[in-house]
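Enquirer: If you scroll down you'll find the structure; I have some questions about it.
The values are calculated or read from the model by the stated rules, or taken from the named source; none is laboratory data. Bear in mind that the values here come from a model prediction, so they are computed numbers and not experimental data. Cβ coordinates were reconstructed from backbone atoms using ideal geometry, including for glycine residues, and neighbour counts include every protein chain displayed.
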Amino acid sequence: MFDYAERRARLSERMRAERVDLLFLGLSADLEYLTGIRRGVPFFGQSSYAHGWVTGAFFRPDELPTFVLPRMVAAFDLEQEVEGEVVVVNETDDGPAIFERVVRGLGRAETVAIGDRAWAETTINLARLVGLEAMRPGSALVNELRRVKTREELEAMGRACRAVTQAMSAVAPSVVPGVTMNELREEVELELRRAGSMTPSFPTHIFTGTYAGTEPGDLTSGTETGDDPLPEGRTVLFDFGGVVDGYCSDFGRTVYCGEPPAEVERAYEAMLAAQEAGRAAATPGTLAREVNAACRAPIEEAGLGEHFRHRMGHAIGLDVHERPFVSPEDETPLEAGMTFTDEPSIIVPGAYGVRIEDIVVCEEGGGRYLEEYPKELVANR
């Protein structure tokens with residue numbers, strides 16, 4: 001489905017341009033992007049294997065990768081054939097000695113980069129072998145390759161978006177008096193699986209008030225208020241995503257339980273205008289911070305700026321949050337094919353909250369939405 005050799009060829013070009021001789025990546029989206037080694041579904045507890053710190057792969061310009069894997073990872077987690085040499089470290093082996101032999105065998109390296117998802121023990125051992133002064137962070141090398149999505153990647157993200165829109169369509173009618181946020185969360189995640197999502201792309205968050213759930217009367221999934229019944233006359237805010245073929249979606253909508261008052265409808269219209277302004281500004285060459293400012297403007301003009309306490313969005317792909325960020329500090333010029341969230345919100349503590357979130361593809365003339373779910377405020381009367 002994806003051309004991993006072409007991706008590694010572009011990595012080679014970047015490594016040569018930045019004079020990086022060797023790059024080590026642990027299990028991560030970066031490694032999956034370059035080799036197809038899939039990450040497992042995340043979970044709360046941490047699995048631990050003998051020599052687990054060696055897990056990853058070394059990359060050199062114009063060479064196939066060299067993988068170093070504990071036996072348990074090679075036997076149970078390596079689900080597909082990979083291109084390149086695979087060095088397996090057994091439980092009774094001398095892990096540091098094998099790691100050193102691999103590093104020495106890759107030739108002299110004056111500059112060695114390491115990904116930000118490597119173990120501390122990996123970093124320490126690599127620094128011991130090549131010298132701390134030779135090392136530099138390496139994830140930016142791959143991140144900049146991942147920013148612009150190919151047609152195949154956009155198709156995968158489109159499938160992830162269809163999973164969330166299918167889930168939202170199934171769950172929206174359940175927002176009625178008496179339902180709990182935890183019940184809605186469970187229903188969302190069940191519908192995501194039915195729609196083909198491997199896992200939620202981040203913890204599903206459904207709430208009635210502030211993001212943090214700190215105001216009196218807030219109901220928030222995953223907290224002590226998550227099992228409290230929903231009263232009539234409240235907005236319910238959805239924030240969730242799915243994963244299909246390794247690529248993430250991130251999605252949000254607002255459902256009103258009852259008849260929405262005029263102030264909620266006015267805020268919702270300002271928020272829709274903000275989302276559209278952000279989409280329209282998402283053209284190649286525009287700075288990320290300028291797109292964020294365009295998104296904020298309609299909410300500021302409506303006198304609600306202090307209640308938009310969030311950035312417009314973030315890049316998205318194999319990870320649900322990627323760089324660049326569409327926020328005030330980010331000077332990155334957008335490029336055609338970049339994908340990011342457009343997620344303005346208005347949260348008025350003690351009163352109401354509204355939010356919307358869709359994924360936008362940067363294109364000439366303005367961004368294109370990947371989701372197709374209706375944007376109107378849903379009111380379950």
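Enquirer: In the range 54-95, how many residues are in a helix (DSSP H, G or I) and either among the aromatic types (Phe, Trp, Tyr) or on the phi > 0 side of the Ramachandran plot (or both)?
Expert: Final tally of qualifying residues: 1.
Enquirer: Out of the residues in the range 123-156 meeting the condition of being closer than 20 Å to ALA109 by Cβ and under 16 Å from the mean Cα position of the chain (by Cα), tell me which one is surrounded by the fewest Cβ atoms within 10 Å (Cβ to Cβ).
Expert: ALA140
Enquirer: For the range 162-179, what are the residues that are of a type outside the set (S, T, N, Q), assigned to a helix (DSSP H, G or I) and either surrounded by 19 or more Cβ atoms within 10 Å (Cβ to Cβ) or free of Cβ contacts under 8 Å to residues at least 40 places away in the same chain (or both)?
Expert: Hits for the range 162-179 are ARG162, ALA163, VAL164, ALA167, MET168, ALA170, VAL171.
Enquirer: OK, next. How do the pairs read when you match residues in the range 138-161 that are within 21 Å of PRO61 (Cβ to Cβ) with residues anywhere that are at pLDDT 95 or above and β-branched (Val, Ile, Thr), using Cβ under 8 Å and keeping only pairs 6 or more apart or on different chains?
Expert: GLY138/VAL20; GLY138/ILE114; LEU141/VAL20
Enquirer: For the range 357-377, give me each residue that is surrounded by fewer than 18 Cβ atoms within 10 Å (Cβ to Cβ), closer than 28 Å to GLY209 by Cα and not basic (Lys, Arg).
Expert: Selection gives TYR369, GLU372, PRO374, GLU376.
Enquirer: Out of VAL326, VAL348, VAL354, which single residue is surrounded by fewer than 21 Cβ atoms within 10 Å (Cβ to Cβ), β-branched (Val, Ile, Thr) and in the same structural domain as CYS257 (by TED's automatic domain parsing)?
Expert: Only one candidate passes the filter, namely VAL348.
Enquirer: Could you look through the range 24-56, keep only residues that are hydrophobic (A, V, I, L, M, F, W, C) and farther than 18 Å from GLY84 by Cβ, and pick out the one that is surrounded by the fewest Cβ atoms within 10 Å (Cβ to Cβ)?
Expert: PHE44
Enquirer: List pairs: first residue in the range 27-47 and touching a residue at least 24 places away in the same chain (Cβ under 8 Å) and assigned to a loop (DSSP other than H, G, I, E, B), second residue exposed (fewer than 10 other Cβ atoms within 10 Å of the Cβ) and among the polar types (S, T, N, Q) anywhere in the structure, Cβ distance under 9 angstrom, at least six positions apart or on different chains.
Expert: From residues that are touching a residue at least 24 places away in the same chain (Cβ under 8 Å) and assigned to a loop (DSSP other than H, G, I, E, B), the pairs are GLY36/GLN80; ILE37/GLN80; ARG38/GLN80.
Enquirer: Taking the range 102-135 on its own, how many of its residues are touching a residue at least 60 places away in the same chain (Cβ under 8 Å), closer than 11 Å to LEU22 by Cβ and in contact with a Ser or Thr (Cβ under 8 Å, 6 or more places away or on another chain)?
Expert: The qualifying residues number 2.
Enquirer: Name the residue that is farthest from TYR211 (Cα to Cα), counting only residues in the range 269-309 that are in contact with a Ser or Thr (Cβ under 7 Å, 6 or more places away or on another chain) and free of Cβ contacts under 8 Å to residues at least 40 places away in the same chain.
Expert: ASN292
Enquirer: Hey, VAL188 hits all of (1) assigned to a loop (DSSP other than H, G, I, E, B); (2) closer than 24 Å to HIS310 by Cβ; (3) in contact with a Pro (Cβ under 9 Å, 6 or more places away or on another chain) but one; which does it fall short on?
Expert: For VAL188, the exception is condition (1).
Enquirer: Given VAL378, VAL320, VAL361, which one is over 22 Å from the mean Cα position of the chain (by Cα) and closer than 23 Å to PHE240 by Cα?
Expert: Within the list VAL378, VAL320, VAL361, the selection yields VAL378.
Enquirer: For the range 329-345: of the residues being hydrophobic (A, V, I, L, M, F, W, C) and crowded, with 17+ Cβ neighbours inside 10 Å, which is nearest to GLU265 (Cα to Cα)?
Expert: PHE340
Enquirer: So, in the range 208-266, how many residues would count as being within 18 Å of HIS307 (Cβ to Cβ) and aliphatic (A, V, I, L, M)?
Expert: Qualifying residue count for the region: 5.
Enquirer: Looking only at residues in the range 107-122 that are more than 28 Å from the chain's Cα centre (by Cα) and crowded, with 16+ Cβ neighbours inside 10 Å, which one is modelled with the lowest pLDDT?
Expert: ALA109
Enquirer: Please list, ordered by first then second residue, the pairs with beta carbon atoms under 8 Å, 6 or more apart or interchain, first in the range 222-247 and assigned by TED's automatic domain parsing to the domain that holds GLU155 and within 30 Å of MET1 (Cα to Cα), second assigned to a loop (DSSP other than H, G, I, E, B) and basic (Lys, Arg).
Expert: That search, which allows pairs on different chains as well, returns GLY246/ARG38; GLY246/ARG39.
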